[in-house]
Protein chains: 2
Amino acid sequence: MKAIISISLRGGVLDPEARAIAGSLESLGFDNVRDVRRVRRIELDLDVADRDTAEEQVRAMCERLLANPVIEAYEIEIPA
Amino acid sequence: MKAIISISLRGGVLDPEARAIAGSLESLGFDNVRDVRRVRRIELDLDVADRDTAEEQVRAMCERLLANPVIEAYEIEIPA
């Protein structure tokens, strides 16, 4: 079963890498970029029987390893 | 106008970070993870008049800065 995790910084947390991308784009002449956001996406292929188990397990993975809940928010998607 | 860029490694290119995630998940007891893939997602807010211009511009950004076309493939999505 596939699971897609999208991890992004919480609102108000500065993202230096996104700032760097915005600055580099501007110095290349792309001067109409109003905002840059980065999202880390992790796609898992899991050997589980049902969606509920998958979601519960992926949530535990996020809390214990994949995301930093202090500064990051995550969304879990389990495509049908 | 929003643009979403999804950048992933081309097939056959090793991803040490994904391997590390898989290894860490296993050592935490999640032993049913068959595969881990990472996707870098960049969301831009652009000041452009129309979709075609946006797409053309974002493609140029990918080729010149955001992606490494030798090892990475990218997809551009411009939500309506």
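Values quoted throughout were computed directly from the atomic coordinates according to the rules given, and no laboratory measurement underlies them. All of these numbers come straight from a predicted model, not from anything done at the bench. Here Cβ is always computed from backbone atoms with ideal geometry, including for glycine, and neighbour counts include all displayed protein chains.
Counting helices only, and only those DSSP H runs with n ≥ 4, report the 222 nm mean residue ellipticity of the protein assembly as shown as the sum of -39,500 (n - 2.57) divided by its residues, in deg cm²/dmol to the nearest 500.
-9000 deg cm²/dmol
Sort out for me the Cα centre separation of region B:13-60 from region A:23-38, rounded to whole Å. What the calculation gives is 20 Å, centre to centre. Suppose R0 equals 41 Å; then what is the FRET efficiency for residue A:50 and residue B:51 from their Cβ-Cβ distance, rounded to the nearest 0.05? About 0.55, to the nearest 0.05.
The phi-based Karplus calculation (6.51 cos²θ - 1.76 cosθ + 1.60; θ = phi - 60°) puts the 3J(HN,Hα) values of region A:66-74 at 6, 10, 10, x, 5, 10, 10, 10, 9 Hz, whole numbers, x for Gly and Pro.
Converting phi to 3J(HN,Hα) with the Karplus coefficients 6.51, -1.76 and 1.60 and the offset θ = phi - 60°, region B:42-59 yields 10, 10, 10, 10, 10, 9, 10, 7, 9, 4, 4, 4, 4, 5, 4, 5, 5, 4 Hz in sequence order, with x at every glycine or proline.
Converting the Cα gyration tensor eigenvalues of region B:2-77 into ellipsoid dimensions via √(5λ) gives semi-axes, longest first, of 32, 13, 8 Å.
Using a 10 Å cut-off around each Cβ of peptide A:66-79, what is the average number of partner chain Cβ atoms that fall inside?
Shielding by partners across A:66-79 averages 0.
3J(HN,Hα) couplings calculated from phi for region A:5-13 with the Karplus curve 6.51 cos²θ - 1.76 cosθ + 1.60 (θ = phi - 60°) are, in sequence order, 10, 10, 10, 9, 5, 5, x, x, 8 Hz; Gly and Pro show x.
Can you pull a Stokes-Einstein diffusion coefficient for the protein assembly as shown at 20 °C (1.002 mPa s), Rh from Kirkwood over Cα pairs, as a whole number of µm²/s? Walk me through the numbers before you get to the answer.
Working: Rh = 17.0 Å.
Translational diffusion coefficient: 126 µm²/s.
Would region A:40-80 count as rounded, prolate or oblate if I go by the C-alpha gyration tensor, calling it rounded below 1.5 in a/c and otherwise prolate when a/b exceeds b/c, oblate otherwise? Note, shape of region A:40-80 comes out prolate.
Other residues within the sphere of radius under 10 Å centred on the Cβ of residue A:18, judged by their own Cβ, net out at -1 (K and R +1, D and E -1).
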